[in-house]
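Student: Quick one: structure below, then a few questions.
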Amino acid sequence: MHGCDPGNLWLVEMAQGISPILNPEQTETFLKGGYYSQVIEGLRVVIMNTVLYYKNNKYTKDLEGDPADQFLWITSQIDEAYENNEKVLFVGHVPPGYAERFGFNNFHDQYNTPFMKVFEEHPHKEIILASLYGHLHSDSFRLTDNAGPLLLAPALTPWKNYHAELGVPNNLGMGRLFSYDKQDKTLLKYEQYSADLQTCNEDLKLKWQLEYDSSQEPFYMEDLSIQSYQKLFDQMANDEEIFNHYLDFNILKYKADPCDQECKNRQLCSIEYLHSNYYELCREFMKI
């Protein structure tokens, strides 16, 4: 959600609506800051409220520290998961770092690095499988310092773009299906689907079609570990064909303007560097 309403009025209303599936502890943290967690057979799914740090959230723009104590809570979730021999999957809306197509930051400056340090400096970060995000209406990923990859998925809700100057493509309805190992919880692959709403409206039937399978052509990923994504990134940086395949899916095969070297640099720097100082250095280095 993009909502930055004053107070927690929408949290109260939503908590009432989903109360049948929340226990008292989950209700308490949800009302405090819009976050909660659920353990499912050794997998701890941690739902974060990253709208707290969103650069368009004027209510947290001038704050410092840890709004709603979410950094502290995330740390406690990793601690508890380690103690209970669980793996962790994080879910948020607005991702940290930079938008790969536009080059602007997603968080207020004072929150981006502290947020990433919660994960990358935790002594048990190896139990983090991945972090799942949306918001940017694009298909991409981000690398971390061995704290699991950040996977950005296109939106299920279609989106019509009226800001041509941003180069944002129209967004088909998209869906992503993950496969994982039930024993060790390893994320094995995902299948990316799309639905052409014009065709669906004509046929009066929703039809999903497979865009690609992460384990098959063109990426052939062994799994969805940070090591596999590092390998994919290296291929993208050195193989123009692989990068162009990535770009097709990143912009949902929309016929946008050609991606020049500046466009490619923006993509690669945003994937590799989530911290603002390193991102800016990367952009400057790429210009040399």
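The values are calculated or read from the model by the stated rules, or taken from the named source; none is laboratory data. Nothing here was measured: the structure is a model prediction, and the numbers come from that model. Every residue, glycine among them, receives a Cβ derived from its backbone with ideal geometry; neighbour counts consider all protein chains shown.
Student: Going by what's in this entry, would Y278 be described as within 26 Å of K55 (Cα to Cα), of a type in the set (F, W, Y) and at pLDDT below 95? Give the steps one after another, and end with the answer.
Tutor: Values: within 26 Å of K55 (Cα to Cα): yes; of a type in the set (F, W, Y): yes; at pLDDT below 95: yes.
Taking the combined requirement at face value, the residue satisfies it.
Student: Kindly list the number of the only condition in (1) assigned to a helix (DSSP H, G or I); (2) loosely packed, with under 12 Cβ neighbours inside 10 Å; (3) touching a residue at least 24 places away in the same chain (Cβ under 8 Å) that fails for E284.
Tutor: Of (1) assigned to a helix (DSSP H, G or I); (2) loosely packed, with under 12 Cβ neighbours inside 10 Å; (3) touching a residue at least 24 places away in the same chain (Cβ under 8 Å), only one is false for E284: (3).
Every residue, every condition in (1) part of a loop (DSSP other than H, G, I, E, B); (2) surrounded by 17 or more Cβ atoms within 10 Å (Cβ to Cβ); (3) touching a strand residue (DSSP E or B) at 6+ places or on another chain (Cβ under 7 Å); (4) at pLDDT 95 or above, yes or no:
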{"residue": "Q198", "(1), (2), (3), (4)": "no, no, no, no"}
{"residue": "E202", "(1), (2), (3), (4)": "no, no, no, no"}
{"residue": "K207", "(1), (2), (3), (4)": "yes, no, yes, no"}
{"residue": "L247", "(1), (2), (3), (4)": "no, yes, no, no"}
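Student: Which residue is surrounded by the fewest Cβ atoms within 10 Å (Cβ to Cβ), if the candidates are limited to segment 97-149 and must be assigned to a loop (DSSP other than H, G, I, E, B) and charged (D, E, K, R)?
Tutor: Within segment 97-149, the subset assigned to a loop (DSSP other than H, G, I, E, B) is 97, 99-104, 106, 108, 121-124, 134-139, 143-149.
From what is left, the residues that are charged (D, E, K, R) are 100-101, 121, 139, 145.
Working: E100: 21, R101: 23, E121: 11, D139: 21, D145: 13.
Here the residue is E121.
Student: Within segment 219-253, track down each residue that is more than 22 Å from L188 (Cβ to Cβ) and of a type in the set (F, W, Y).
Tutor: Scanning segment 219-253 gives a single hit, F243.
Student: For segment 160-181, how many residues meet the condition of being touching a Leu at 6+ places or on another chain (Cβ under 9 Å), modelled with pLDDT of 55 or more and either among the charged types (D, E, K, R) or within 21 Å of L206 (Cα to Cα) (or both)?
Tutor: So the answer is 8.
Student: Here's another thing I want to ask about it. Can you tell me which residue is nearest to the chain's Cα centre (by Cα) among those in segment 13-51 that are free of Cβ contacts under 8 Å to residues at least 24 places away in the same chain and surrounded by 15 or more Cβ atoms within 10 Å (Cβ to Cβ)? Reasoning before the result, please.
Tutor: Kept after step one, since they are free of Cβ contacts under 8 Å to residues at least 24 places away in the same chain, are these residues of segment 13-51: 13-28, 30-31, 36, 38, 40.
Okay, now just the ones that are also surrounded by 15 or more Cβ atoms within 10 Å (Cβ to Cβ), so 14-15, 22, 26-27, 30-31, 36.
Details: M14: 22, A15: 24, L22: 24, Q26: 22, T27: 24, F30: 20, L31: 23, Y36: 17 Å.
Step by step, filter segment 13-51, then rank; the result is Y36.
Student: Go through (1) at negative phi; (2) at pLDDT 95 or above; (3) surrounded by 15 or more Cβ atoms within 10 Å (Cβ to Cβ) and name the single condition K185 misses.
Tutor: With (1) at negative phi; (2) at pLDDT 95 or above; (3) surrounded by 15 or more Cβ atoms within 10 Å (Cβ to Cβ) applied to K185, the lone miss is (1).
Student: Next question. Among what's in segment 53-69 and is in contact with a Phe, Trp or Tyr (Cβ under 8 Å, 6 or more places away or on another chain) and not in a loop (DSSP other than H, G, I, E, B), pick the residue that is farthest from N105 (Cα to Cα).
Tutor: In the first step, residues of segment 53-69 are kept if they are in contact with a Phe, Trp or Tyr (Cβ under 8 Å, 6 or more places away or on another chain); the result is 53-55, 60, 67-68.
From what is left, the residues that are not in a loop (DSSP other than H, G, I, E, B) are 53-54, 67-68.
Details: Y53: 11, Y54: 9, P67: 19, A68: 22 Å.
Once the filter is applied, the top-ranked residue is A68.
Student: May I pose another question? Limited to segment 118-143, what total is found for residues that are touching a helix residue (DSSP H, G or I) at 6+ places or on another chain (Cβ under 8 Å), more than 19 Å from S225 (Cβ to Cβ) and modelled with pLDDT of 95 or more?
Tutor: So the answer is 1.
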